[in-house]
Amino acid sequence: MIEHNRHKRKFYDFVYSKLTKIDNPQILEFGVSERGMSTELFLDLCKKKNGKLFSVDVNYCVKKFKTNSWEFINTRDDDYSKVEGIIKNKLFDIIYLDTIHKANHVSKIFYHYYKILKKGGYFFIDDTSCLPYVKFREKNNFSQEVNNQETFDRILEIFNENHKNIDLEFSFVGTGIAKIRKLTDDELKKPKKIDYRKITMKNFLRKIILKLKK
């Protein structure tokens, strides 16, 4: 129940608040959870503001909701021909990714669908914090800790190469979420490893000096 409340708070505070300002919202969602909370909230907004939600999932979820504001696409998020054959040439205000939480997959999906995000639109990537999965935390899971940390690092690498074209914010509520805003229609550069200076002789000497000053 606590985790559900955190996810709900994260969604309302970090995602939903942006949607209320959009008229006729066009939303593309990858991943329909068992409870369908994000889908339900997206649909509630679409009904109120004459919008449309497309949801993509490998599980057959078409019976979860019955409304003309929703179209369900039963396939993988990287089945590009099927997804694009249904959404046609539509541009989206919101793209929400909550499927496979691995850096390479997230990066692949982000770069492919970024081109159909409207200028000023938002691309949300769920599960970007490793903290709930580290040792002695409530979720304590090695694989998910590493996957989320690698995804977080990859998003930073994407932003670092494209900081003039996108804005980036993170929420660390629950399992975390990234919010990327599209500022220009320029094509994005591919990510590169960030050349941090923490593992350098200069920083090594800095640490020695700091210890000597104590």
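Checking the conditions here, which among Lys64, Lys90, Lys118, Lys82 is in contact with a strand residue (DSSP E or B) (Cβ under 9 Å, 6 or more places away or on another chain), among the basic types (Lys, Arg) and in a strand (DSSP E or B)?
Result: Lys118 is the single residue among Lys64, Lys90, Lys118, Lys82 that is in contact with a strand residue (DSSP E or B) (Cβ under 9 Å, 6 or more places away or on another chain), among the basic types (Lys, Arg) and in a strand (DSSP E or B).
Got a sec? Which of Leu41, Leu91 is closer than 22 Å to Gly120 by Cβ and either buried (at least 19 other Cβ atoms within 10 Å of the Cβ) or modelled with pLDDT under 95 (or both)?
Leu41
Find all pairs meeting these conditions: Cβ atoms under 6 angstrom apart; at least six residues apart or on different chains; first residue within segment 1-24 and at pLDDT 75 or above; second residue surrounded by fewer than 12 Cβ atoms within 10 Å (Cβ to Cβ).
What qualifies is Asn24/Asn50.
Identify the single condition in (1) farther than 28 Å from Ile22 by Cβ; (2) in contact (Cβ under 8 Å) with a residue 60 or more places away in the chain that Phe204 does not satisfy, given that it satisfies every other one.
(2)
Just one of (1) among the basic types (Lys, Arg); (2) exposed (fewer than 15 other Cβ atoms within 10 Å of the Cβ); (3) touching a residue at least 24 places away in the same chain (Cβ under 8 Å); (4) within 25 Å of Tyr12 (Cα to Cα) trips up Lys66, so point out which.
Every condition holds for Lys66 apart from (3).
Taking the residues in segment 16-38 that are of a type in the set (Val, Ile, Thr) and out of contact with any Leu (no Cβ under 8 Å at 6 or more places or on another chain) as candidates, determine which candidate is surrounded by the fewest Cβ atoms within 10 Å (Cβ to Cβ).
Ile22
Scan segment 46-63 residue by residue and report those that are closer than 21 Å to Leu19 by Cβ and in contact (Cβ under 8 Å) with a residue 12 or more places away in the chain.
Cys46, Lys47, Lys49, Asn50, Gly51, Lys52, Leu53, Phe54, Ser55, Val56, Asp57, Cys61
I want to confirm something. Restricting to segment 102-116 and keeping residues that are β-branched (Val, Ile, Thr) and closer than 14 Å to Arg154 by Cβ, which single residue is surrounded by the most Cβ atoms within 10 Å (Cβ to Cβ)?
For segment 102-116, the residue satisfying everything is Val106.
When the residues of segment 95-109 are narrowed to those that are in a helix (DSSP H, G or I) and in contact (Cβ under 8 Å) with a residue 60 or more places away in the chain, which ends up farthest from Lys52 (Cα to Cα)?
Only one residue tops the list, namely Ser107.
The values are calculated or read from the model by the stated rules, or taken from the named source; none is laboratory data. No experiment lies behind these values; they were computed from the predicted model shown. Cβ: placed from backbone, ideal geometry, glycine included. Neighbour counts: every protein chain shown.
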